[in-house]
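Here the structure comes first, spelled out in structure tokens, and everything after it is commentary.
The values are calculated or read from the model by the stated rules, or taken from the named source; none is laboratory data. No experiment lies behind these values; they were computed from the predicted model shown. Using ideal geometry, Cβ is built from the backbone for each residue, glycine included, and neighbour counts are taken over all protein chains shown. Side chains included, ligands, DNA and RNA excluded: accessible areas come from the protein's heavy atoms. Shrake-Rupley method; radii C 1.70, N 1.55, O 1.52, S 1.80 Å.
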Amino acid sequence: METSIIKLEPPTMARQPQILAAIHASQAELAQYLTWVEQALDPAQSIADTQQAIDNFQQQNSELRYNIIDKRSDELLGAIGLLIRDASVPYFELGYWLATHATGQGYVTSAVTLLEQHAFNQLGAKRLEIRMAESNRSSRAVAERCGFPLEGTLLNERRLPSGPLCNTLVYAKTAL
């Protein structure tokens, strides 16, 4: 899948070292909101996680993860995925992360737009949502730029990796 500045590609073992390097370089920023970051820093766990992502993608099970790639440089910028929340609907939760050096350049907005189109047009999605910690202003901005209306606030629904209790915002789009 492609847009003007990025392309999305299925997970591959060839990209695993780049994923590990990007998470290492962006650890401080990612770890503010994502509980999996510390575990993902272990090389053996990174390999196992990449293999699981490949297996899930091939079997269309659990999560459909894509690498976000800069079309000009072929550089891995981050990842985006569709968590399969209910295949019978079908209903997906969209999640993403981006390497710190690549933030603020429209990459995630392009990736969300591209994956949203894929979910509705090819996967037959009836519901697509983006959830984030209320304090995650960057993710909120992406959801809003991509036209996802705020559907609700779940009070005291999550604990940030640093410990504080936090509300979760739910942005969602549904098929027409």
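Tabulated data for the structure shown
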| item | result |
| --- | --- |
| Sole exception among (1) in a helix (DSSP H, G or I); (2) under 17 Å from residue 13 (Cα atoms); (3) open to solvent by 10 Å² or more (accessible area, probe 1.4 Å) for residue 29, by number | (2) |
| Region 145-176, residues that are surrounded by 13 or more Cβ atoms within 10 Å (Cβ to Cβ) and among the charged types (D, E, K, R) | 145, 151, 157, 158, 173 |
| Counted residues, region 1-23 - those being part of a helix (DSSP H, G or I), touching a helix residue (DSSP H, G or I) at 6+ places or on another chain (Cβ under 9 Å) and loosely packed, with under 14 Cβ neighbours inside 10 Å | 1 |
| Qualifying residue in region 67-75 (condition: open to solvent by less than 50 Å² (accessible area, probe 1.4 Å), among the polar types (S, T, N, Q) and at pLDDT 95 or above) | yes |
| Residue 47 being open to solvent by 40 Å² or more (accessible area, probe 1.4 Å) and touching a Ser or Thr at 6+ places or on another chain (Cβ under 6 Å) | no |
| Subset of region 30-65 (residues that are out of contact with any helix residue (DSSP H, G or I) (no Cβ under 7 Å at 6 or more places or on another chain) and among the hydroxyl-bearing types (Ser, Thr, Tyr)) | 33, 35 |
| Any hit, region 104-111, residues being modelled with pLDDT under 95 and farther than 25 Å from residue 23 by Cα | no |
| Scope region 119-160; condition assigned to a helix (DSSP H, G or I), without any contact (Cβ under 8 Å) to a residue 24 or more places away in the chain and in contact with a Phe, Trp or Tyr (Cβ under 7 Å, 6 or more places away or on another chain); matching residues | none |
| Residue match in region 56-63 (condition: in contact with a strand residue (DSSP E or B) (Cβ under 6 Å, 6 or more places away or on another chain), surrounded by 14 or more Cβ atoms within 10 Å (Cβ to Cβ), assigned to a strand (DSSP E or B) and not polar (S, T, N, Q)) | yes |
| Region 34-46 residues that are touching a residue at least 60 places away in the same chain (Cβ under 8 Å), paired with ones that are open to solvent by less than 70 Å² (accessible area, probe 1.4 Å) (beta carbon under 6 Å, 6 or more apart) | 35/161; 37/30; 37/31 |
| Residue in region 98-115 that is touching a strand residue (DSSP E or B) at 6+ places or on another chain (Cβ under 7 Å) and not in a helix (DSSP H, G or I) present | yes |
| Qualifying residue in region 120-131 (condition: closer than 27 Å to residue 22 by Cα and small (Gly, Ala, Ser)) | no |
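Yes/no per residue for (1) under 17 Å from the mean Cα position of the chain (by Cα); (2) not small (Gly, Ala, Ser); (3) not in a loop (DSSP other than H, G, I, E, B):
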position: 48; (1), (2), (3): no, no, yes
position: 73; (1), (2), (3): no, no, no
position: 79; (1), (2), (3): yes, no, yes
position: 95; (1), (2), (3): yes, no, yes
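Yes/no per residue for (1) over 28 Å from residue 163 (Cβ atoms); (2) among the polar types (S, T, N, Q); (3) more than 15 Å from the chain's Cα centre (by Cα):
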residue	(1), (2), (3)
35	no, yes, no
52	no, yes, yes
92	yes, no, no
115	yes, no, no
